[in-house]
Amino acid sequence: MSGLHPKAPFPKAAEASVNQPQLRANLRKVTHTIRAKRAAVVAELPYWEQLRQLGAATKDDSLVNLSDRLLELERNVQARGGQVHWARDAAEAREIVARIALAHGERELIKVKSITSDEIELNQALEEHGIHAIETDLAELIVQLSHDTPSHILVPAIHRNRAEIQALFNAELPGEGGLSDNPQDLAAAARRYLRHKFLTTRMAVSGANFAVAETGTVCVVESEGNGRMCLTLPEVLVSIMGIEKVLDTWEDIAVFMETLPRSSTAERMNPYNSFWSGVTEGDGPQEFHLILLDNGRTHVLADEFGRQTLRCIRCSACLNVCPVYERAGGHAYGSVYPGPIGSILTPQLLGMHDKNANSLPFASSLCGACYEVCPVEINIPQVLIYLRNEGNAHKGPNAESLAMGAARVAMSEGWRWEGALRLARLGQGPLVRQGEISWLPGMLAGWTEVRDLPALPREGFREWWKAREGSRTVDANTQAGPPDIVQDAQNRESPPANVQEGGHPPAGQHGQEGEDHA
Amino acid sequence: MSHPKSVHPHNAEARLEMLTVINRAIAGAAPVEKPAYPRPQPLSAAEREEQFRDRILDYRAHYTRVPLAELPQAIAASLGRAQRVLVPAGIPADWLPAGLEQLRDEPPLSHAQLDRAEAVVTGCAVAVSETGTICLDHGAEQGRRALSLIPDLHVCVVRENQIVQTVRGAVERLGLAVRAGRPLTWLSGGSATSDIELVRVEGVHGPRALHVIVIAE
């Protein structure tokens, strides 16, 4: 198991959060604030679209040469005094970290925020070995002290308000008790608590935002300075990175240093970026381990269409624009990767076998906002549709495929369609409540679980047309033919002006035409 | 502390399997064409300096621009009443105000000793006007990473010709240092967090104050 496995299908998991007004208000505020700030800093760069294309191509280039890149990275990290470990799955990665800590007799280590370490559920595994991992990012510390899980990639404790954090810090941080709910005071309390840990703890664990094969360089981006502390002060450093994080040359870093901060924290640049290559004599940890983690990534790589998912640089821009995330929140996705990117990454990492994860590609209205903001042009809506198909193919015949098959037969001939409509109108009788169907029986229940269905009208278009034709035959003076508006359209090269501009002709005019024909 | 050098036996097996699976996954994949790096309209040196100033102030860091002759006074003003000021070995003597109580990292200071320093004065490797970023490559004017991390006040001196316009330009200038194996730290304003209700709090773990002094040329 790992931090990827949702405990319930998305619609069920989302139920709790959509019914919490406070949570929805928090989410709305956060997503809208960051969304607007992002748009402003992105607009400063007139060549943003070119940067997106370059970012996508740079990642793709590394992915299609991944084995060469990883070998080059390994060689260069080792040449600079670092050690490289390969982990096929979460369990192997956890074991490597625990083994390093135990070899040094460490019982406590400090951690930089890392979703990859959450993905492999590192902290729990270390506790089992009697090793305590202290989260040093403020939000991660809040999440850890309250035995909670993160709900946003960038602001993991966004579902907590200041009063909750005040109570938590007063109860849990040694020596505190009289803190106000002022964020400044709360951040200062975290600083006091962690300062001593930074100065005295001898081992740290981090993730990695990027790695450069050519130079053996690893990069961590952050805001608070806890990352610099963890990467600089301890004697032993272990960094865990997904294999897709590797880039070819040092210069490849540039495009992401432009697009990641603007997409993520909506800043021109985030406060601190650290880069290091293996071990530097007399500066920083003198023992460095880099763990290269697969944990399903090669599954994703093997799929030519799904592969673009691995371009992701974890900026979280797609979360902030998603109408589903805004209402459901991060926990509903049941994985350390929430939001639109999580909806495609989680099921693919698990290999499309997990029943709960396979509900995630359906947690979208396919509005496409996620694709538009993605700094590496991951076409999330298309991958969602692709994964829906994949998921359905695994299922074999089901309600949807049977219904589609029946529709194919019914729609193949006009008389079949009319007959089917008459039957359906009779059948829907007991299900219609105030013009809507909110519950369907048996295999059809899946459709109405999350949406209402309008009842069939008393008369369909074909029936209306037929009745109208019938009345014409009686009235021999009227020439049978399409209504004026259709004839008009046929006689013009472009659609009539009223259709072109407004989409619909004014209602009065429409009525008039009908009367003319009657 | 011991240094375990032996690699776990499972590691070779995991490595071989991962590389095999990757090779199978990417077999026959077409090579990728990378488009050219977009370049903005170049700014003049004066415009770059102006943009850099604007960005630094936007991060709520302090900004001063002085001729070299006035640098010692500017540094003294930034340091205020700070005692025990860390000075990396490569800082030119004519930068510093007279009578400054200097703390030297020779022999290397312990973390506890660094924690008692109240301020640090460093140079930089390159700065980016478009983003207000200062890049350290931890050469002689900057010292090892811990020096510019632990004290509460960081006074950073930037020569005007170190300011480039773009991130890409800075990355190119830093190529030599990275290829020589040097670590880098990029600073854009002081440390900050917005983790509690998205309220920005300045000064979490890194230096809580950043003073940038540009030497006018």
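Rounded to the nearest 5, what % of DSSP beta bridges with both residues in the protein assembly as shown are antiparallel?
Antiparallel bridges make up about 35 percent of those DSSP assigns within the protein assembly as shown.
Ranked highest first by average number of other Cβ atoms within 10 Å, how do A:381-391, B:125-135 line up?
Averaged packing, sorted descending, gives the order B:125-135, A:381-391.
With no other cysteine's Cβ closer than 4.7 Å, which Cys residues of chain A count as lacking a disulfide-compatible partner?
By the Cβ distance rule, which asks for a partner under 4.7 Å, the isolated cysteines are A:CYS219, A:CYS230, A:CYS312, A:CYS315, A:CYS322, A:CYS367, A:CYS374.
Once you keep just the Cα pairs under 8 angstrom separated by 6 or more residues, what percentage relative contact order results for the stretch A:66-298?
Here the relative contact order equals 29 percent.
At 222 nm, what value in deg cm²/dmol follows for chain A if DSSP H runs of at least 4 each add -39500 (n - 2.57) and the sum is divided by all its residues, to the nearest 500?
For chain A, the value works out to -15500 deg cm²/dmol.
A 22 angstrom limit on the alpha carbon distance is what I want to check against. Which of A:LYS7/A:LYS29; A:LYS29/A:LYS111; A:LYS245/B:LYS34 exceed it?
A:LYS7/A:LYS29; A:LYS29/A:LYS111
Tell me, B:LEU16, A:LEU145, A:LEU293, A:LEU54 in order of fewest to most beta-carbon neighbours within 10 Å?
B:LEU16, A:LEU145, A:LEU54, A:LEU293
Taking the Cα centroid of the stretch A:410-470 and of the stretch A:78-156, what is the distance between the two, rounded to the nearest whole Å?
Comparing the Cα centres of the stretch A:410-470 and the stretch A:78-156, I get a distance of 56 Å.
In units of 2.2 N^0.38 Å, what is the alpha-carbon radius of gyration of the protein assembly as shown?
Output field value: 1.13.
Using a 10 Å cut-off around each Cβ of peptide A:197-209, what is the average number of partner chain Cβ atoms that fall inside?
Partner Cβ neighbours, averaged per residue: 1.
Residue by residue through B:114-123, how many Cβ atoms from other chains fall within 10 Å of the Cβ on average?
1
In the Gaussian network model of chain B, springs joining C-alpha atoms below 10 Å, which of B:GLU13, B:GLU141, B:GLU50 carries the largest mean-square fluctuation?
Among B:GLU13, B:GLU141, B:GLU50, the largest mean-square fluctuation in the Gaussian network model of chain B belongs to B:GLU13.
For A:175-188, what's the mean count of beta carbons from other chains sitting within 10 Å of each residue's beta carbon?
That average works out to 3.
To make sure I understand, if each residue's beta carbon is the centre and we count other beta carbons within 10 Å, what order do A:TRP276, A:TRP447, A:TRP250, B:TRP95 fall in, fewest to most?
Taking fewest neighbouring Cβ atoms as first place, the list is A:TRP447, B:TRP95, A:TRP250, A:TRP276.
Mean Kyte-Doolittle of at least -0.5 plus a Cα span of 30 Å or more along the axis: flag which DSSP H helices in chain A meet both, please.
For chain A, where a helix must reach 30 Å along its axis and average at least -0.5, the hits are A:21-43.
Along each principal axis of its Cα atoms, how long is the stretch A:232-355 end to end? Whole angstroms, biggest number first, please.
Projected onto its principal axes, the Cα set of the stretch A:232-355 covers 50, 33, 28 Å.
What residues have an amide H closer than 5 Å to that of A:GLU108, excluding those fewer than 5 places away on the same chain, when H is modeled at 1.01 Å from N in the peptide plane?
Amide H neighbours of A:GLU108, under 5 Å, 5+ apart: A:HIS132.
Taking 8 Å as the Cα distance limit and 6 or more residues as the minimum spacing, I'd like the relative contact order of chain B as a percentage.
23
With everything on Cα atoms, drop me the angle between helix B:9-26 and the longest principal axis of chain B, reported from 0 to 90° to the nearest 10.
In chain B, helix B:9-26 runs at an angle near 80 degrees to the longest axis.
Provide the per-residue ³J(HN,Hα) series for the stretch A:224-232, in order, calculated from phi with Karplus coefficients 6.51, -1.76, 1.60 and θ = phi - 60°, each as a whole number of Hz, with x at glycine and proline positions.
With the stated coefficients, the stretch A:224-232 comes to 8, x, 5, x, 4, 4, 5, 7, 10 Hz.
Give the share of C-alpha pairs in each 10 angstrom bin for the stretch B:1-159, from 0 to the last occupied bin, in whole percents, shortest bins first.
Whole-percent P(r) values from 0 Å outward: 8, 26, 23, 14, 17, 10, 2.
Comparing B:LEU79, B:LEU198, B:LEU184, which has the greatest mean-square fluctuation in the GNM of chain B with Cα pairs linked when under 10 Å apart?
Highest fluctuation among the options: B:LEU198.
Alpha carbon centre of the stretch A:229-252 versus the stretch A:176-216: separation in Å?
17
Where does chain B land at 222 nm, in deg cm²/dmol rounded to the nearest 500, when only DSSP H runs of n ≥ 4 count, each adding -39500 (n - 2.57), divided by all residues?
Per the formula, -8500 deg cm²/dmol.
What share of Cα pairs, in percent, lie more than 20 angstrom apart in the stretch B:73-217?
Within the stretch B:73-217, distances greater than 20 Å cover 48 percent of Cα pairs.
Distance from the Cα centre of the stretch A:27-70 to that of the stretch B:112-151, in angstrom?
Centre-to-centre (Cα) distance: 29 Å.
When only C-alpha pairs under 8 Å and at least 6 residues apart count, what is the relative contact order of chain A, in percent?
In percent, rounded to a whole number, it is 19.
Using Cβ counts within 10 Å as a stand-in for footprinting exposure, how do A:GLU400, A:GLU281 rank, fewest first?
Starting with the residue having the fewest Cβ neighbours, the order is A:GLU281, A:GLU400.
In angstroms, what radius of gyration and Dmax does the stretch A:66-298 have, counting Cα atoms only?
Reported Rg and Dmax, both Å: 17.6, 56.
For the stretch A:66-298, what is the percent of antiparallel DSSP beta bridges, rounded to the nearest 5?
Restricted to the stretch A:66-298, the bridges split so that about 30 percent are antiparallel.
All of the numbers you see were taken from the coordinates with simple rules; none came from a lab. Keep in mind that what you see is a predicted model, and the values were worked out from it rather than measured. Every residue, glycine as well, gets a Cβ built from its backbone with ideal geometry; the counts of neighbours run over all protein chains shown.
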